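A quick write-up on the structure given underneath.
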There are 2 protein chains.
Amino acid sequence: MTGPVAPELLDRARAGDARALARLLSLVEDASPLVRSVIKDLLPLTGGARIIGLTGAPGVGKSTMTGALVGAFRAAGRRVAVLAVDPTSPFTGGALLGDRIRMQDHATDEAVFIRSMASRGHLGGLASATPQAIRVLDAAGFELILIETVGVGQAEVAIASLADSVVVLLAPGMGDAIQAAKAGILEVADLFVVNKADKPDAHQVVRDLRNMIALGQRAPGDWKPPIITAVAMNGLHDEGISELVSDLDAHWSWLNASGELKRRRQARAREEITALAFTTLRDRLMTNGIDELAARVADGTLDPFQAAEDVLAQQKELRFTRG
Amino acid sequence: MTGPVAPELLDRARAGDARALARLLSLVEDASPLVRSVIKDLLPLTGGARIIGLTGAPGVGKSTMTGALVGAFRAAGRRVAVLAVDPTSPFTGGALLGDRIRMQDHATDEAVFIRSMASRGHLGGLASATPQAIRVLDAAGFELILIETVGVGQAEVAIASLADSVVVLLAPGMGDAIQAAKAGILEVADLFVVNKADKPDAHQVVRDLRNMIALGQRAPGDWKPPIITAVAMNGLHDEGISELVSDLDAHWSWLNASGELKRRRQARAREEITALAFTTLRDRLMTNGIDELAARVADGTLDPFQAAEDVLAQQKELRFTRG
């Protein structure tokens, strides 16, 4: 593949061509050498999408809830993309695939795009590919991008923190408010949904959650995460979805009015730049080598701290000699 | 603490002052701001020590074996230091302390120095502190430095790889040849010791090990790890120790004659420089910030890959402006 492939694919993706979009996403997921030029081309078109993260333990009904949210947004005439990310599995495993099938009622809708991403055995790769996949969907004109993750571990927290609004799902009988608290997910949650609210003990989950939220420090003007009770059942007798949508809209307004959106997106960019700088440095040290410095450290004529500084100082020259 | 503290402490440590040596080690373990000047001062005095790593699952008798080795080296009139490293525990735990007490027969010997290092909850810190602690002991004039680690995990493999000669201990009835194989310890082993060889099934461990070694690719002139059967029991009826010492001497001769010692020490320096460059970069990004670049990435006027390159390119200037 040569030449400026991205602009053409991007034009087609923006016109609604799902295959062109899928190809663009494959380019960024596979960390193709073209990623950089693809991202550069589409960057001016980004920034318009609202990014919503959904996370929670397996079994809380994340995918059913995602499906219900997609339905609500589509009913309001908005273009929606779903990125289902599984940081724990090297392959797109059974659970995620099964979930995708349950969302097939949206599969024939051109304004809905669903994509699964798995870690391919390398979390670092997924962590750097996800922001690029979000940029592609953003540039392709989706107004809403839902990022759904599996589980409530550290990796999920990291990916959830890519979103503008983070929705944490819980369900009764799973003790997962405590589990979520341990993983640090409570701090990143902007909205809580207690799903399966028709089950016994749902009120207990709400009460636990309320107590935990009350413990958090909050300044005047800060956002207070609402707790929404819901029953998501594939579009039939859904409850709480319209409340979730309106709370998400309220959060979006707050993000914009408070300046938090800008602050959050800059913090995210900072994390992304740091991660990419590390990767770039690692790649360069593997290809350009540091053999001369290592030989001097090994024979005791150069201290390792100075060698590390020399390595960093060399990066300026390397940048220009890479052509 | 101001002024050139290291040269004076170093002089005293080289003269056999254990307290001065302990203070130098504390400086490098605590990642004191003085570490760099301490290491610079003592660097010209390093390179003379032979570094021997001992690793194996808990219960194989590592500390008893270490004690027996110390005894053998002392009998030959050599100065020996022991660095007991526990990467899994934030504190110097009971097991290690207990082991240290068992080695107390050497505690009053001025030519033997024993030090425990624990991770203090931060493995990265231990990984960078251990090479510096080795340099301190080397500069202080110890001819032999034994590094003893707990367990057979990835962290232990990383620390074992700091040694010139890596001894892997196994014992019958623990199924740990397989466990060691899984952790990748077989590849880094230069010598195998099957300890507790008086127990039943010791021959089975030797046979398993021999089969696994036979599977490894080896070029002519490569070192073939010997398998030594031993019974280490606190100096009473020790068996196999003199064979281990002579195999270690044979490995040392091979390291020098083959050029492998130089290659190995350079590879270690390369790893150390890379790790220090990462740490330095991380520290600088936290203090100097990348807010301007992050703001441009967030508003879509700069691509994140370019920002990462800019961050690396800035390191040259930062180096000179740090004073």
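Being closer than 30 Å to B:Pro200 by Cα, in the same structural domain as B:Ile52 (by TED's automatic domain parsing), crowded, with 16+ Cβ neighbours inside 10 Å and of a type in the set (D, E, K, R) is true for just one of B:Asp249, B:Asp238. Which residue is that? On inspection, the qualifying residue turns out to be B:Asp238. For B:Thr46, the requirement of being touching a strand residue (DSSP E or B) at 6+ places or on another chain (Cβ under 7 Å), of a type in the set (S, T, N, Q) and modelled with pLDDT of 90 or more is not met. Taking the condition modelled with pLDDT of 95 or more, more than 30 Å from A:Arg264 (Cβ to Cβ) and out of contact with any helix residue (DSSP H, G or I) (no Cβ under 6 Å at 6 or more places or on another chain), does B:Ala267 pass? Answer is no for this residue.
Identify all residues within region B:11-46 that are more than 21 Å from the chain's Cα centre (by Cα) and among the aliphatic types (A, V, I, L, M); write none if there are none. Selection gives B:Ala15, B:Ala20, B:Leu34. Criterion applied to B:Gly59, B:Gly71 was being part of a loop (DSSP other than H, G, I, E, B), out of contact with any Lys or Arg (no Cβ under 9 Å at 6 or more places or on another chain) and in contact (Cβ under 8 Å) with a residue 60 or more places away in the chain, and the one residue passing it is B:Gly59.
Only one entry in A:Ala214, A:Ala219 is in a loop (DSSP other than H, G, I, E, B), more than 14 Å from chain B (Cβ to nearest Cβ) and either hydrophobic (A, V, I, L, M, F, W, C) or touching a strand residue (DSSP E or B) at 6+ places or on another chain (Cβ under 7 Å) (or both), namely A:Ala219.
Residue-level check: of (1) surrounded by 17 or more Cβ atoms within 10 Å (Cβ to Cβ); (2) outside any helix (DSSP H, G or I), A:Gly48 misses just (1). When residues in region B:211-224 are screened for being under 22 Å from B:Ser246 (Cα atoms) and surrounded by 13 or more Cβ atoms within 10 Å (Cβ to Cβ), 2 of them pass.
Kindly indicate whether A:Ile227 is in contact with a Pro (Cβ under 9 Å, 6 or more places away or on another chain), more than 30 Å from A:Thr46 (Cα to Cα) and more than 14 Å from chain B (Cβ to nearest Cβ). Taking the combined requirement at face value, the residue does not satisfy it. Set side by side, the residues B:Asp99, B:Asp105, B:Asp86 differ, and just one is at pLDDT below 50 and of a type outside the set (Ser, Thr, Tyr), which is B:Asp99.
Looking at this structure, is A:Val60 more than 14 Å from chain B (Cβ to nearest Cβ), at pLDDT below 90 and either within 14 Å of A:Phe113 (Cβ to Cβ) or crowded, with 21+ Cβ neighbours inside 10 Å (or both)? Spelling it out, A:Val60 is indeed more than 14 Å from chain B (Cβ to nearest Cβ), at pLDDT below 90 and either within 14 Å of A:Phe113 (Cβ to Cβ) or crowded, with 21+ Cβ neighbours inside 10 Å (or both). Pairing residues of region B:196-209 that are under 18 Å from B:Met65 (Cα atoms) with residues that are surrounded by 13 or more Cβ atoms within 10 Å (Cβ to Cβ) and of a type in the set (Ser, Thr, Tyr), at Cβ distances under 8 Å and at least 6 apart in sequence or on separate chains, gives B:Ala197/B:Thr229; B:Ala202/B:Thr229; B:Val206/B:Thr229.
For A:Ala197, are the conditions met, namely being of a type in the set (A, V, I, L, M, F, W, C), surrounded by fewer than 20 Cβ atoms within 10 Å (Cβ to Cβ) and either in the same structural domain as A:Leu169 (by TED's automatic domain parsing) or within 30 Å of A:Ala129 (Cα to Cα) (or both)? Yes. Using the structure shown, decide if B:Arg50 is within 30 Å of B:Asp198 (Cβ to Cβ) and in contact with a Leu (Cβ under 7 Å, 6 or more places away or on another chain). Yes, satisfied.
The values are calculated or read from the model by the stated rules, or taken from the named source; none is laboratory data. Bear in mind that the values here come from a model prediction, so they are computed numbers and not experimental data. Neighbour counts are summed over all protein chains in view; Cβ atoms, including those assigned to glycine, are modelled from backbone coordinates with ideal geometry.
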